[in-house]
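The values are calculated or read from the model by the stated rules, or taken from the named source; none is laboratory data. If you're wondering where the values come from, they're calculated on a predicted model, not measured in any experiment. Here Cβ is always computed from backbone atoms with ideal geometry, including for glycine, and neighbour counts include all displayed protein chains. Ligands, DNA and RNA are excluded from the accessible area calculation, which covers all protein heavy atoms including side chains. Shrake-Rupley method; radii C 1.70, N 1.55, O 1.52, S 1.80 Å.
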Amino acid sequence: TAFLAMVTAGAVQAVAAESNYQVVENWAHFPDGVTAWSPATGVDIGPEGNIYVFHRNEAKPIMAFDSNGKFLRAWGRGMFKTTHFLRTDREGNVWVTDRGDHQVFKFSPEGKLLMTLGQKGVIGMNDSRDAFFGVADLVIAQNGDLFIADGESGNTRIVKYSKDGQFVMWWGGRGPQPGHFIDPHSIAIDAAGLLYVGDRGNKRIQVFDQTGKFIRQWTQFGTPWGVFVKGDRLYVVDGTEANCLYIANLKDGTILDKVEGLKNATAVTVDAQGAIYIGEV
């Protein structure tokens, strides 16, 4: 039986009896001034094994814990209008998206601001090179290239930037056809560099190479709010209809396990031991 940590503002969650996972409540030890999770929109694991959580707490929006749940540090007070996704890269940096102010931030593991993309409060449409509209999620390739899912509120695209934050290209546009999106809400990457986009409005996951070439799509995951890839497994949370976590074979999309009883699950990540962390908004 594997470990399933809930980063949730709600009550105790149920897990289907047939699942191979068991919920462990109260895994995190909160710092002074925090008694419970606020709506938790982002969670990821750093290369050192620390857990980083992005939640809608004005004083401590980004919190870091060690693998035992011990609180390490927090930062970001007053920086964000609408916290959204959080991702870590291979160097341990922490990236977050602010959907409300249309910005992306890169921090060191200690919380030092290293890069900002987008202009605070400025809307940029699909063809914009330096502004977003409802920026949702992001993922970092092995060479440091950045892929941003820009489109929960208005845009319908994936945007590619270089490691140093220079615009490279975008693809997408609104629609149901392959390569287009309606609410590209989450994005993940596999070891081969393929990109998996949770196209929430079209109720599908689309797979692309890093030039935007469409590879395939899957429609068996309900309404995908959050996607994550670990090894040969794809993890998908549906926060709308089934309110569950799907665990699938990355090669063909075959569903291998299903964890039910979630509530508005929006983010999912997996640590080196196979423990799953889910953020519920």
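Can you confirm whether the range 161-182 contains a residue that is under 17 Å from the mean Cα position of the chain (by Cα), at pLDDT 95 or above and of a type in the set (S, T, N, Q)? No: the range 161-182 contains no residue that is under 17 Å from the mean Cα position of the chain (by Cα), at pLDDT 95 or above and of a type in the set (S, T, N, Q). Thr41 falls short of the stated requirement of being of a type in the set (Ser, Thr, Tyr), closer than 25 Å to Gln166 by Cβ and under 14 Å from the mean Cα position of the chain (by Cα). Elements of the type strands (runs of 3 or more DSSP E) sitting completely within the range 17-59 and holding at least 1 residues that are over 20 Å from Glu260 (Cβ atoms) and of a type in the set (Ser, Thr, Tyr): these cover 40-45, 51-55.
Across the range 23-50, the number of residues qualifying as within 14 Å of Thr88 (Cβ to Cβ) and open to solvent by less than 30 Å² (accessible area, probe 1.4 Å) comes to 7. Any residue that is of a type outside the set (Asp, Glu), at pLDDT 95 or above and within 19 Å of Ile205 (Cα to Cα) - is there at least one of those in the range 117-136? Yes, the conditions are met somewhere in the range 117-136. From the list Gln273, Gln210, Gln220, the one residue that fits, being in a loop (DSSP other than H, G, I, E, B), farther than 20 Å from Asn155 by Cβ, open to solvent by 20 Å² or more (accessible area, probe 1.4 Å) and in contact with a strand residue (DSSP E or B) (Cβ under 7 Å, 6 or more places away or on another chain), is Gln220. Considering Thr97, Thr116, the condition of being open to solvent by less than 20 Å² (accessible area, probe 1.4 Å), of a type in the set (Ser, Thr, Tyr) and in a strand (DSSP E or B) is satisfied by Thr97 alone.
How about the range 223-238: which of its residues are part of a strand (DSSP E or B) and either surrounded by fewer than 20 Cβ atoms within 10 Å (Cβ to Cβ) or of a type in the set (A, V, I, L, M) (or both)? Across the range 223-238, the qualifying residues are Val227, Val229, Arg233, Leu234, Val236, Val237. Filtering the range 159-177 for residues that are part of a loop (DSSP other than H, G, I, E, B), farther than 22 Å from Glu91 by Cα and of a type in the set (D, E, K, R) leaves an empty set.
All of (1) buried (at least 16 other Cβ atoms within 10 Å of the Cβ); (2) in contact with a strand residue (DSSP E or B) (Cβ under 8 Å, 6 or more places away or on another chain); (3) free of Cβ contacts under 8 Å to residues at least 60 places away in the same chain hold for Val53 with one exception: (3). When Ser67 is tested against the conditions (1) in a loop (DSSP other than H, G, I, E, B); (2) surrounded by 19 or more Cβ atoms within 10 Å (Cβ to Cβ), the lone failure is (2). The residue of the range 70-82 that is most open to solvent (accessible area, probe 1.4 Å), among those that are more than 21 Å from Ile276 (Cα to Cα) and of a type outside the set (A, V, I, L, M), is Arg77.
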